[in-house]
Amino acid sequence: MWLQLRCGLEPRTLAALAVVLVAAGVFAAMHFWSTRPHSVRAPDPVNEAAHARTSTPTPPPDGAEAPEPSPGLPPATGPGGHIVVDVSGKVRRPGIRQLPSGARVADALRAAGGVREGADLTGLNRARVLMDGEQIVVGAPPGPSAIGGAGALAPGGGEGGSPAGPVSLNTATVEQLETLPGVGPVLAQHIVDYRAQHGGFRSIDELREVNGIGDRRFADLQPLVGP
């Protein structure tokens, strides 16, 4: 009433002014409420033990060792983890012998009853790991052997009465093939594997199909080998 009498305001104008003042007060209160400081919760501390478990590789089970790089291809084995080899020449019990995988030439000689007295073991690597289907000839002279196999034993057990000749691709052992020029253990094994897969060599020309033998090497080996 004082404001109305003082300023000469009408009741309608006075009501509008009151609404404006109330709205301004509400806006000011809302602005003050929204700008007040808020409390922020600190993040939980990281569990160092859990972090170490997730960042550290899982150790192998108890009693197990960490895997090591493979030393290479394992030796060829036959069914059941065994190998079958043919031991012939100057041994007490020549014939087919079944040995465990990883056996060596010395193991095959023991399985054949041992070497006969006076047998020449020159060129026979007794520490070599055997392959399935391999032939071991004891008493073969070093160098190119006679056709029909190494050793060329004469009747009565004496060493070869046959003259030396080309190395037979169908009967020569890995050791005998290694005596050829340019033929190492790997290439000699390729020749033996080809012979086993194809049922033998029907001609010397088939030697070209062996992995690792090119035209130049074939030309060097042609006069030194036979089927």
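Listed here are the residues, each with its yes/no results for (1) at pLDDT 90 or above; (2) part of a loop (DSSP other than H, G, I, E, B).
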| residue | (1), (2) |
| --- | --- |
| PRO75 | no, yes |
| GLY80 | no, no |
| ILE83 | yes, no |
| ARG93 | yes, yes |
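A search for C-beta distances below 6 Å between a residue of segment 190-212 that is farther than 13 Å from ASN170 by Cβ and any residue that is small (Gly, Ala, Ser), counting only pairs 6+ apart in sequence or on different chains, returns HIS190/GLY212.
Take segment 144-170 and flag every residue that is open to solvent by less than 40 Å² (accessible area, probe 1.4 Å) and modelled with pLDDT of 50 or more. Within segment 144-170, GLY165, VAL167, SER168, LEU169 meet the criteria. Checking each residue in segment 180-213 for being polar (S, T, N, Q) and open to solvent by less than 60 Å² (accessible area, probe 1.4 Å) picks out GLN189, SER203.
Among the residues of segment 96-111, which ones are part of a strand (DSSP E or B) and open to solvent by 60 Å² or more (accessible area, probe 1.4 Å)?
Those that are part of a strand (DSSP E or B) and open to solvent by 60 Å² or more (accessible area, probe 1.4 Å): ILE96, GLN98, PRO100, ARG104.
The values are calculated or read from the model by the stated rules, or taken from the named source; none is laboratory data. Everything quoted here is computed from the prediction, not taken from an experiment. Neighbour counts run over all protein chains shown; Cβ positions are idealised from the backbone, glycine included. Quick note on the areas: whole protein, heavy atoms, side chains included, nothing else; ligands and nucleic acids left out. Shrake-Rupley method; radii C 1.70, N 1.55, O 1.52, S 1.80 Å.
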